[in-house]
Amino acid sequence: MFENLSERLGGVFDRLTKQGALSEDDVRTALREVRVALLEADVSLPVARQFIKAVEKKATGAAVTKSVTPGQQVVKIVHDELISVLAGEGEPGSLRIDSPPAPILMVGLQGGGKTTTTAKLAKRLKERDGKKVLMASLDVNRPAAMEQLAILGQQIGVDTLPIVKGEDPVAIAKRAKTQAGLGGYDVYMLDTAGRLSIDEELMSQVEAVRDVTTPRETLLVVDGLTGQDAVHTAENFDTRIGISGVVLTRMDGDGRGGAALSMRAVTGKPIKFVGLGEKMDALETFEPDRVAGRILGMGDIVALVEKAQQTLEAEQAERMMKRFSKGQFNMNDLKMQLEQMIKMGGMGAMMQMMPGAGKMAKQMDEAGMDDSILRQQIALINSMTKRERANPQILQASRKKRIAKGAGMEVSDLNKLLKMQRQMSDMMKKMGKMGKGGMLKQAMK
Ligand code: GDP
């Protein structure tokens, strides 16, 4: 599945990976091709646009590490963005089927693969999760459909609700509910009737069934080969019935994988499973990272870039450590530390980890230094010029006044900040001498 999109993007990235350096123009040109590829893969225009915009924003100005080419870097960004669009909440393939008997409502258009998927899923629940499952067909218009489910049930060893002629869907649903309760079933699955297209009668019928059973999951089964139509179908069913997830069928065919991407972006509902054939075990959980990898066909590059990024971070930390141990600790460094402290849950946590800083932490605590003060200090640093941040010792009275005013604070506040920066600088220097950065490294972790 997804071969088409994969090949298209693969071609684009081949060209990219052959380039040494990537300018903003190159990123844009490459992404234009990605956009065409997405559209040809039947991703809807707004979704493709939104996707490209997100990637462009992340690609432009992204740090390019030494050991990979900018093209590879873009691949990684496209890959991450694909995952972020494709991924839903919760574990892939997870269903809310606690509190037995849990009803699962299967909805969709005729021919989408609803009955087949109902049986496939029942088999999966039985074999993988050890659940006792009851299936019921509500398709009163097509007796053949009811027969089909009964035959599949026999084939996979899952019970089906006995067929009673002349019953309406709501009555069948109620009977299934009662039977599921009496028979000690964990799950009962309701295979609703399909239509060739969405109509009022179909929708109100499904609504009525929903209201008497309150399904734990309402899964829409759609033919993945129908691309944009599948997305429209999903929108319609979601608005009217409220779906909890999607099953994309026929993903074994030469489908244009874009349906999955649009489906997620447009409906916001997770794709829980994909159908990969007519056989009863041709159902797989939908794995965003695997699908993204397949779309790009470039899993190795992603791993490479991840590793390179780790190396880069380590290199940066090393360089920083070297500067600190020489007592070079300026306002930029302090700002970074302050931001880090906020992220780590405040002052205390950070200072506790620095040997010899316990006393300072206590002083800060006594002075009532909390996150709001950290933020005020960051505001003061933001109010400084680039030169002032790098060389805080040049701050004289007039500069101080300007900076304090810019941050809406007093000069005395700025003086406290400067004192803190000097203390930190001294401390770093001392620690650097003590253990060749070893201790500092420890404290920075
Ligand atoms: P329903 O009308 O929605 O209940 O559709 P059915 O379950 O009867 O399926 C219609 C046809 O599609 C049947 O011939 C199924 O075998 C076939 N089908 C269902 N799911 C898949 C799938 O994932 N891949 C393929 N290749 N065929 C499928």
From ALA59, ALA54, which residue is among the small types (Gly, Ala, Ser), modelled with pLDDT of 70 or more and surrounded by fewer than 20 Cβ atoms within 10 Å (Cβ to Cβ)? ALA54
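A quick yes/no check of all residues on (1) acidic (Asp, Glu); (2) at pLDDT 75 or above; (3) more than 25 Å from ARG124 (Cβ to Cβ):
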| residue | (1), (2), (3) |
| --- | --- |
| ALA265 | no, yes, yes |
| PRO270 | no, yes, no |
| MET280 | no, yes, no |
| LEU283 | no, yes, no |
| VAL302 | no, no, yes |
| ALA314 | no, no, yes |
| MET320 | no, yes, yes |
| PHE324 | no, yes, yes |
| ASN330 | no, yes, yes |
Take the residues in the stretch 198-217 that are under 32 Å from the mean Cα position of the chain (by Cα) and within 15 Å of the ligand (Cβ to nearest atom), then tell me which one is surrounded by the fewest Cβ atoms within 10 Å (Cβ to Cβ). ILE198
Subset of the stretch 101-121 (residues that are more than 12 Å from VAL133 (Cβ to Cβ) and either more than 6 Å from the ligand (Cβ to nearest atom) or in a helix (DSSP H, G or I) (or both)): LEU105, MET106, VAL107, LEU109, LYS114, THR115, THR116, THR117
Test result for GLY253, small (Gly, Ala, Ser), within 16 Å of the ligand (Cβ to nearest atom), surrounded by 20 or more Cβ atoms within 10 Å (Cβ to Cβ) and assigned by TED's automatic domain parsing to the domain that holds LEU134: no
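The values are calculated or read from the model by the stated rules, or taken from the named source; none is laboratory data. Keep in mind it's a predicted model, so treat the numbers as computed, not measured. Cβ atoms come from the backbone with ideal geometry, glycine included; neighbour counts cover every protein chain shown.
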